[in-house]
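The values are calculated or read from the model by the stated rules, or taken from the named source; none is laboratory data. The structure displayed is predicted, hence computed values, not measured ones. Counting neighbours? That spans all protein chains shown, and the Cβs are built from the backbone with ideal geometry, glycine included. These area figures cover heavy atoms from the full protein model, side chains too; ligands, DNA and RNA do not enter into them. Shrake-Rupley method; radii C 1.70, N 1.55, O 1.52, S 1.80 Å.
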Amino acid sequence: MDQDALILWDDTRHLVAREAGSDRRVAMLGACIPVALENDVLTVRTKSAYAKRNLDAELEDLERSLSEAAFAPMKLVIELERDETHPMFPTLITEGVAEDAEWFDGVGGEPTFTVMGEHEPATVIPFETSRTSISEDEFRAQLGEDATGRGEAPRPMKSRSRAQARQNHLTGEVSDQDLKLTFENFVEGVENRFALIAAKQVANGNNAQYNPLFIYGESGLGKTHLLMSIKNYIAKNDPSRTCAYITATDFINDYTKAMTGDRSIIQEFTNDYRDVDVLILDDIQHLRPATNSVQFFFETFNHLVSNGKQIVLAADEPPSLLGMSERISSRMGSGYEIGIQIPALELKRNLIGTFYQRYKDEGLAGYEGTIPPEVLDVMAASAGDNIRLIKSYVQQCLFLASDLEKRGVIITDEDVRAKAREKWPHGQRRVSVEEIQHNVEQVMNVSHADLIGTKRTREIAQSRHVAIWLCHQLTDLTYAEIGARFGGRSHTTVMHSFDYVNKLLAERTDRTLIDTIQGLRRKLEA
């Protein structure tokens, strides 16, 4: 799938979703997959003839939203992909559509077409399966529409029936705190958008492209939130699918305890891990030293995948860097591997604004104070990268604002900067140009002479851009002063390097280089 096309299509759908009464249109857009972006034309493909016909009728409005998302005039082409194995209406949605829709296989009950929107309740529409063709009026009626195409209110979600499964200790109760981790309250940004899309696909049962799904990133960036969102979504909307979330540490403890028992205990343990539809394993990097449990996991992994079950994994690094055998790391990375990047300023501002409003909405004692928007901006610029710490930082600043207001004082920029220094004591450290250059030379395998010299091969120029950008971020030097430390480069040349890296971080097209840049920054700030 064309990543630029996916990003643009996702942005377009978000714009459409903001329009009043757009739920029906958004659902049909969810049945379309972006396949190509060439010049000023975005091509999407759908297996739903009904969706294509209705979206073609609204093409002018859709192209207006598309152009707004692209910041340039754009054309939209909607192609129909026929599924010969399911004539007429069963081709409405098939495996692999975007995160807003799913065609369930109907195991143990009626198949359903589920629309997963931005807000609950979702819409579930049962279909007959005894016929392979219906009239347009009948089809509209089953969608809850009248002859004009206007739909009724969504019907509440209902689960598909299935015989009660045996008791599985992995699928027990979820804490109240974990129940709050849902897709609805996940704060989206370019840093985590692809991971969010993939998690929604898995939650909806569209697992062909995403099995296993491997999400990686530093601690505190939202991996666990996404994993629990999958579990909570399935538990609420499709409880016939058994879903287990477990950390690698608990997995090792379970394995060790089971192996000290008799044959029946070992068999029960094995059955628990194999008798799930979705297995979610968090912090898998902790499996590295546990040789025997890794082997058991590998066998369980193969069993589940070969039987069409879903695996979701999360770690602080991609599979290739976990230090496990090539056989295991390549298997874990054989599906869809996606990183969550550290939040840039825009996402930090969104996070801080979201957390601040949630605390205010709770109306609890200590949350009465007000933080002006310009002070929230300063908080975003002062905050570190860990989202859990950012949430705690917002709470502390709100408590401080409430306390100051009782004394007739308004919270200031310096107040929130002081709180940031307490929360991230090493985050304000300034480093030398020489230290930055040395680390870039080591990590990106370039000599000092080349880094500050005139060679312009792609690898050397890229290393130079990164080093200059880090100097701007981590030192107090001006553009001219930085240029002087890189072979006497001009102010304009340094600005170009700064803009080059900022564009790279914003577009998120080279994930390997982004991981390198962020790793260098973390190392230098430590």
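Wrap a convex hull around the Cα atoms of the range 447-526, take a quarter of its surface area, and give that in square nanometres.
Result: a mean projected hull area of 5.2 nm².
Ranked highest first by average number of other Cβ atoms within 10 Å, how do 174-180, 6-12 line up?
Those peptides, ordered most packed to least, come out 6-12, 174-180.
For the range 460-497, list residues with backbone N below 18 Å from a point placed 7 Å from the Cα of A449 toward its Cβ?
Of the residues in the range 460-497, 460-461, 464, 486-488 have backbone N under 18 Å from the label point off A449.
I'd like to compare 46-52, 210-216: which one has the highest average count of other Cβ atoms within 10 Å, and what's the full order after that?
210-216, 46-52
Taking the alpha-carbon centroid of each part, what is the distance from the range 240-319 to the range 200-239 in angstrom?
Computed from Cα coordinates, the inter-centre distance equals 16 Å.
Please give the net charge around L322, taking every other residue with its beta carbon less than 15 angstrom from that of L322, where Lys and Arg add +1 and Asp and Glu add -1.
Every neighbour counted, the sum reads -4.
At a Förster distance of 25 Å, what's the computed FRET efficiency of T370 paired with E184, Cβ-Cβ distance as r, to 0.05?
E between T370 and E184, to the nearest 0.05, is 0.45.
Mind running the shape call on the range 255-301? Use the C-alpha gyration tensor, a ≥ b ≥ c as the square roots of the eigenvalues: rounded below 1.5 for a/c, prolate if a/b tops b/c, oblate otherwise.
Verdict is oblate for the range 255-301.
At 1.4 Å probe size, with the rest of the protein present, what percent of the exposed accessible area of the range 193-250 is carbon and sulfur atoms?
49
So for each of 322-333, 260-271 I average, over its residues, the number of other beta carbons within 10 Å; can you give me the resulting order with the highest mean first?
Answer by packing, highest mean first, reads 322-333, 260-271.
Taking every alpha carbon pair in the range 369-523, what does the distance histogram look like in 5 angstrom bins from 0, in percent?
The distribution over the range 369-523 is 2, 9, 16, 17, 15, 12, 10, 8, 6, 3, 2, 1, 0, given as percents.
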